[in-house]
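Here the structure is laid out as structure tokens; the discussion comes afterwards.
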Amino acid sequence: MTITTQRTAAPAAARAGTPVHATLVLALRFLRFLPETELRQGRFDIVGAVLATPGSTALVLGIVDAADFGWTAVLTLAPLVTGVVLLGLFVRVERRAAQPIVPLRLFASRERSGAYLTRMLYMGAMMGFFFTAQFVQSVYHWTPLQAGLAFLPMTLVNFVFAVQVPRLLERAARPLVLLTGVVLTTLGMAWLSRLGLHTPYLTGVALPMVLIDAGLGLTLAPLTSSGVDGVAPEDAGAGSGLVNTVHQTGSALSLSILTAVAASVSTGHAAADIAARSGTALTGSSVLLAVAVVTVLALIVPARVTHYERSL
């Protein structure tokens, strides 16, 4: 069974990388003010790269195939097993490599490990927004332009909260800001997951997405800081690269999982199918966010408390 696809408006989560473009432009403009990075001799971790790329690709392919062939089919299990084996070999290679593409010592910090896992879960959950875009066009019969405009207020909320994060971090501990953001996102996603054929836009879509985008604005900056905090200068590039890697990997894996889960729902009516599948996928996103909340409480909060006590 497959999900009917159509041209959809880009959700707020899919536009999260837009500020990166502005950063690149500003970096070129003010290049003379940026400090020069110390040059280091090294060589590429070719074996690690060769194992990591097909390994993660095979894993995603297996999850995608599960929607069409089932979880026990050979066409599903073969890429899944291949992906797990290749990624297992990748970890083994990274342990022995002189200059690994992913230094495993980055995971020695409890806070950083928690930040990587939380980011993977969090960005994966944001993929549920794709189903919301499909919902408003299939159930409300809105055009892509109308659907895009429907997301605009939530994007503004995201921006307003994001620019307040530096001030909030001056008054409250980073884990508290991060936890607040993830909890707000979880509550909003759980609310949004109640979608149905007769769900009104204002109370069933707009208001819960205001909560989600407020949480998104509060979450990403402190989550990024926790992901690179305490990284040695020689591992700075790998550390920031790993943050981006778990961001993208979590999104790809989760979208595959949510699509497979949503595809299992069928009512026999096109609009009802979209509504039911959207609600099911967003429920899956809510579960991922709930696990992210637990991860923050179990790994990041205790790690920051311990770090603070040691610094006194």
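None of the figures in this text is laboratory data; all of them are computed from the coordinates on show. Fair warning: this is a prediction, and the values are worked out from it, not measured in the lab. Quick reminder, even Gly has a Cβ in these numbers, built from the backbone with ideal geometry, and neighbours come from all protein chains shown.
At a glance:
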item	result
On Cα atoms only, tilt of 174-192 relative to the major axis of the chain in degrees	20 degrees
Centre separation in Å (Cα based) which lies between the stretch 170-206 and the stretch 73-112	33 Å
Gaussian network model of the chain, Cα within-10 Å springs - most flexible of Val136, Val85, Val228	Val85
Segment Gln99-Ala236, length gained on full extension (0.36 nm per residue, minus Cα span)	48.0 nm
Residue of Asp273, Asp213, Asp235 that the Gaussian network model of the chain assigns the largest fluctuation, springs spanning Cα pairs under 10 Å	Asp235
Between 0 and 90°, nearest 10: helix 110-126 axis offset from the chain longest Cα axis	20 degrees
In degrees, nearest ten, helix 46-69 long axis to first principal axis of the chain (Cα)	10 degrees
Over the chain, relative contact order from alpha-carbon pairs under 8 Å, at least 6 apart, %	28 percent
Peptides 151-161, 88-98, 125-135 ordered by average Cβ neighbours within 10 Å, highest first	125-135, 151-161, 88-98
Pair Val85, His198: separation of 7 Å Cα→Cβ label points (nm)	5.4 nm
Dipole magnitude (debye, nearest 20) for the chain, charges at Cβ of Lys, Arg, Asp, Glu	380 debye
